[in-house]
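One structure, as structure tokens, below. Some questions next.
The values are calculated or read from the model by the stated rules, or taken from the named source; none is laboratory data. In this text the structure is predicted, and so the values were computed from the model without any measurement. Virtual Cβ from ideal backbone geometry, glycine too; neighbours counted across all protein chains shown. Quick note on the areas: whole protein, heavy atoms, side chains included, nothing else; ligands and nucleic acids left out. Shrake-Rupley method; radii C 1.70, N 1.55, O 1.52, S 1.80 Å.
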Amino acid sequence: MATVNTGKVAGKKTLQNTLAGRVEFKGVGVHSGKPVSMTVSPADPGHGITFVRSDLPVDQQRDIQADIYSVAATDLCTVLGDPSSNHVKTVEHLMAALIAMGIDNAQIEVDRAEIPVMDGSSEVFVDAFENVGIIAQARARRYLRVLREVRVDMGASYAVFTPGDATLYDIEIDFETPLIGRQSWSGELTPQTFKTELSRARTFGFMRDVEKYWAAGFALGSSLENSVVIADDHTVINPEGLRYEQEFVRHKALDAVGDLALAGAPFLGTYKSYRGGHRLNALALEKLLSDEANYEWTYGETVSREAGRPAGRVELVAVSAAAYSADKS
């Protein structure tokens, strides 16, 4: 198995990576509750991450680029593409595993409009990528370097990008339930850190919210097998309990990693959020890219603004949420 390139960019160029072979996943859709099959395949240097809906008629199949310009909705999950037709949702756990493990290029085929939820975390994806192998490609990896502070406020929540030479996260949450309260996680994003500290953290939410989602026909695939569920008495219903100390904030950090992967490249700087969620993450990334004075594209030794797509406004549209999800921002 090849070693993933994850060195700092200062003074040298790191190479892009892809998978050494195809990996297949079978699970259920968190909304439909129906079986979902997905294949993640190697892709050429410079391809990026793209999704294809294999269940659509051939003449309607179009690549959906995994970037901020494809974001259509952010209400408790991230949706890419056209919500009325060619789209894919709940991409954040898969995107987190791809960028954290250093995979720059991959083609993803999925036979429904949602990624299989698996166990509600990124662990299954990480294990599969390591098992098939991750290989270097003959092209330098680009990075999105933060040049100045960018802040977004949304009620009591906020997110801030600040400059730096590594990819750092500082995530804080604050819930009224005593089971969660105020929790924080901070660290540098590396394959090892993600694998050991974040990848197994599951989505979570409250039992009191479940029936209204089911009544609306959503989250039919949610269960104790893919969510941490909090009872009205502020206890965890899942028989096995929590996987980590402060698993709740770790999952919020995992989500942020997946959402910010939609920059189309790793960022260099620090991302701090307080009481954040998918919408706030998307708005912060959108604001960062809205002004070229905020950032530069770099390959380590060289800098090229032309490496990125033109900055543009993203329309964020609300969609229905997954059961048990506590992220209402």
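Using only DSSP helix segments of four residues or longer, with each worth -39500 (n - 2.57), what per-residue ellipticity at 222 nm results for the chain after dividing by its residue count and rounding to 500?
-4500 deg cm²/dmol, from helical runs alone.
Could you check the simple spin-label distance between Thr196 and His234, using points 7 Å along Cα→Cβ, in nm with one decimal?
3.3 nm
Right, something else. Could I have the simple spin-label model distance between Arg151 and Asn131, label points 7 Å from Cα toward Cβ, reported in nm to one decimal?
Each label point is offset 7 Å from its Cα along the Cβ direction, giving 4.6 nm.
Beta carbons within 10 angstrom, averaged per residue: use that to sort the peptides 289-297, 199-207, highest first.
The peptides rank, most packed first, as 199-207, 289-297.
Same structure again: Which distance in nm do the two modelled labels at Ser184 and Ala166 give, with both placed 7 Å along the Cα-to-Cβ direction?
With each label placed 7 Å out from Cα toward Cβ, I get 1.8 nm.
Just to confirm, what accessible area per residue do you get for the chain at 1.4 Å probe, in whole Å²?
That works out to 41 Å² for each residue.
How large, in percent, is the carbon and sulfur part of the accessible surface of the stretch 127-231 at a probe radius of 1.4 Å?
The nonpolar share, carbon plus sulfur, comes to 48 percent.
Sticking with this one: Exceeding 22 Å between C-alpha atoms, which entries from my cross-link table qualify? They are Lys89/Lys212; Lys195/Lys272; Lys252/Lys287; Lys212/Lys272; Lys34/Lys195; Lys195/Lys252.
The answer is Lys212/Lys272; Lys34/Lys195.
Would you mind telling me the antiparallel percentage of the DSSP bridges in the chain, rounded to 5?
The answer is about 70 percent antiparallel.
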